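Each value in this text was obtained by applying a stated rule to the coordinates, not by laboratory testing. In this text, all values refer to a predicted model and were calculated from it rather than measured experimentally. Don't worry about glycine lacking a Cβ; one is built from the backbone with ideal geometry, like all the others, and counts go over all protein chains shown.
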Amino acid sequence: MTAKPEFNYVTFIDAPREKVWQALTEPEFTKRYWFNSTVESDWKEGSDYTFRVPDDKGGERVVLTGKIIKVDKPKELVYQFTAPWNEAARDEDSTVQFLLEEIEGMTKLSVRHYDFQEGSILIGEISSGWPMVLSGLKTLLESGKELNLSH
């Protein structure tokens with residue numbers, strides 16, 4: 001029996017975990033490090049969330065959607081992950097877990113992305129996307145500067 005694929009990433013951010021939580025859940029932050037996307041949600045278990053980016057016609061398009069599975073502010077956030085930006089993977093669902101642990105004024109941020117469908121196309125996409133998103137988050141919170149990474 002083979003194990004299901006999953007993506008794991010750990011980074012240490014020189015910021016309190018409340019600030020990291022805020023950066024993960026507030027649109028004025030996500031726009032600055034998550035490929036210009038703004039997130040919308042009330043961050044309650046069972047609620048929806050949506051990430052939108054500007055389109056080339058002056059409107060917006062949805063790039064991520066899903067349901068909030070678990071909220072334990074500011075320690076843990078878990079949500080379903082659906083990626084309509086990718087035509088080939090738009091029907092795939094998976095799960096993302098953020099664990100935030102405070103260590104001497106810093107935050108250890110662990111991201112686990114799992115529950116991929118067999119033969120997932122999405123795992124390849126997120127394996128390159130998450131390092132860019134999380135590097136942008138770390139850089140923004142530690143220096144106030146934005147990384148101009150595109151995917």
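Below are the figures for this structure:
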quantity	calculated
Pairs where the first residue, in the stretch 95-117, is free of Cβ contacts under 8 Å to residues at least 40 places away in the same chain and crowded, with 16+ Cβ neighbours inside 10 Å and the second is among the acidic types (D, E) and not in a strand (DSSP E or B), C-beta under 8 Å, 6+ apart	T95/D115
Output for the stretch 122-135, where each listed residue is surrounded by 17 or more Cβ atoms within 10 Å (Cβ to Cβ) and out of contact with any Asp or Glu (no Cβ under 7 Å at 6 or more places or on another chain)	I123, E125, I126, G129, V133, L134
Pair list, Cβ < 8 Å and 6+ apart or interchain, from the stretch 57-72 residues that are over 15 Å from T38 (Cα atoms) to residues that are among the small types (G, A, S)	K67/G46; K67/S47; I68/S41; I68/G46; I68/S47
Of all residues in the stretch 8-25 being under 12 Å from the mean Cα position of the chain (by Cα) and of a type outside the set (A, V, I, L, M), the one that is surrounded by the most Cβ atoms within 10 Å (Cβ to Cβ)	W21
Test: residue in the stretch 79-88 that is touching a helix residue (DSSP H, G or I) at 6+ places or on another chain (Cβ under 9 Å), aliphatic (A, V, I, L, M) and under 22 Å from K138 (Cβ atoms)	no
Filter result for E60 (of a type in the set (D, E, K, R) and over 17 Å from V20 (Cα atoms))	yes
Enumeration of residues in the stretch 20-34 that are in contact (Cβ under 8 Å) with a residue 24 or more places away in the chain and of a type outside the set (V, I, T)	W21, A23, L24, F29, R32, Y33, W34
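Rundown of residues vs (1) touching a His at 6+ places or on another chain (Cβ under 9 Å); (2) farther than 20 Å from F29 by Cα, yes/no style:
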| site | (1), (2) |
| --- | --- |
| D93 | no, yes |
| M106 | no, no |
| L109 | no, no |
| Q117 | no, yes |
| W130 | yes, no |
| L137 | no, no |
| L140 | no, no |
